[in-house]
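Structure first, then comments.
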Amino acid sequence: MPATNTSDAVSVHEARTALGKRLRQLRQSSGMTGRQFAESLAWPPSKVSKIENGRQTPTDDDLRAWARASGQESEIDALLASLHTLELQYAEWRHLMRAGHRPQQAQLMEWEQKTRLFRIFEATVVPGLLQTAEYGRARFYESVRRLKAPNDADEAIAARLRRQEILYRPGKQFHFVLPEAALRLRLCPTDALLGQLDRLASASHLPNVRLGIIATSTEYTISPWHGFWMYDDKRVVVETFSAELDLRQPQEIELYADAFEQLAAVASYGHAARQIIGRVMSELASEPDNRTS
């Protein structure tokens with residue numbers, strides 16, 4: 001999915017419209033007209049029309065009543081999930097970063113405490129939970145420049161390093177997948193990148209960490225459009241240039257779970273993954289500017 005620049009207001013409107021269309025389909029499956037459906041619920045006909053056309057946000061009770069009236073009670077959980085993500089699914093970075101990066105790191109830590117299985121694919125960067133201080137500092141400085149956010153990179157780095165303690169906590173499982181290209185992108189000075197790659201190789205030995213590297217020569221079965229983080233089967237987070245997408249609808253989570261499995265299936269693990277990392281490190285270290293006399 002390409003990056004989007006839509007505003008949060010537009011995003012919420014689109015989500016409300018999509019929910020309205022789904023509700024219209026359920027109502028039509030019952031064979032009732034809008035007026036008949038409204039009468040069955042003791043609602044004014046205008047309420048049904050407004051909800052179906054995305055001009056009014058239904059409540060939880062509205063959705064439960066709608067599903068029962070249309071004979072589709074099995075849809076209640078999915079409908080409620082759609083409703084609850086209307087305001088959650090899109091958060092503009094400029095708004096999130098007004099107070100700097102450190103509060104966001106604290107918020108991430110809250111979700112990580114609750115999560116048992118992490119499935120993380122990053123297309124262009126090393127995931128934050130595996131970043132060294134030097135590599136992470138370069139990422140935060142980039143964000144400060146791009147978003148004109150408060151420069152609290154040092155505090156944010158300290159918070160991120162505290163987050164990484166979760167890698168050693170019993171009961172947590174981490175599955176990371178990266179393309180080889182992400183190891184080669186010069187997002188920081190070469191010496192910092194070499195240190196970062198060494199950190200990756202070391203992390204691959206942790207008992208609760210699976211680190212998969214997709215070699216450049218690998219044939220993909222699905223396009224690696226963008227990075228995403230899966231928190232159990234409850235939440236998917238996608239970062240774009242302008243925003244963070246917070247996806248919680250069951251059908252979306254299922255789609256991303258399938259995408260992750262396809263990406264993970266073509267990755268190399270263990271010794272083979274470390275060989276790829278080692279090859280990249282050797283090539284970096286052998287460049288003229290990095291050779292020792």
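The values are calculated or read from the model by the stated rules, or taken from the named source; none is laboratory data. Here the structure is a predicted model, which is why all the values come from computation and not from measurement. Heads up, the Cβs are rebuilt from the backbone with ideal geometry, glycines too, and the neighbour counts pull from every protein chain shown. Each accessible area value is taken on the protein alone, full model and side chains, heavy atoms only, with ligands, DNA and RNA left out. Shrake-Rupley method; radii C 1.70, N 1.55, O 1.52, S 1.80 Å.
Rounded to a whole number, what % of the accessible area of the stretch 207-271 do carbon and sulfur atoms account for, probe 1.4 Å? With neighbouring chains kept in place, the figure for the stretch 207-271 is 55 percent. Accessible surface comparison of K21, K148, K172, probe 1.4 Å, protein chains only, largest first: the order is K148, K21, K172. Which of the aspartates and glutamates could a cross-linker span from K172 if the Cα-Cα distance has to be under 20 Å and same-chain partners fewer than 8 positions apart are dropped? Reachable aspartates and glutamates: E110, E112, E122, D232, D233, E261.
The S30 and A78 beta-carbon pair, evaluated with R₀ = 22 Å, returns a calculated FRET efficiency of approximately 0.80.
Computed with a 1.4 Å probe on the full set of protein chains, the accessible area for S286 sits at about 60 Å². Computed with a 1.4 Å probe over protein heavy atoms only, the accessible area of M109 comes to about 60 Å². Cα centroids of the stretch 117-135 and the stretch 215-251: how far apart, whole angstrom? Cα centres, the stretch 117-135 to the stretch 215-251: 13 Å. Straight-line cross-link reach from K50 at under 17 Å between alpha-carbon atoms covers these lysines, not counting any fewer than eight positions away in the same chain: K21.
Pairs from the list K148/K234; K47/K234; K114/K234 with a Cα-Cα gap above 21 Å: K148/K234; K47/K234.
Name the GluC sites (Glu not before Pro) in the stretch 213-293 that are in a loop by DSSP and that have at most 15 other C-beta atoms within 10 Å, would you?
Loop-located and lightly packed - E219.
Note on exposure: I51, I222, I76 ranked by accessible area (1.4 Å probe, complete protein assembly) read I222, I76, I51, with the most exposed listed first.
Farthest towards the positive end of the charge dipole of the stretch 248-293, among the residues Y256, I276, P288, is the Cα of P288, using unit charges on the Cβ of Lys, Arg, Asp and Glu. A 1.4 Å probe, protein heavy atoms only, puts the accessible area of E155 near 80 Å². Take the Cα of R184, step 7 Å toward its Cβ, do the same at D198, and the gap between the two points is 2.3 nm. What a 1.4 Å probe finds exposed on the stretch 14-75 is 42% carbon and sulfur by accessible area, rounded to a whole percent.
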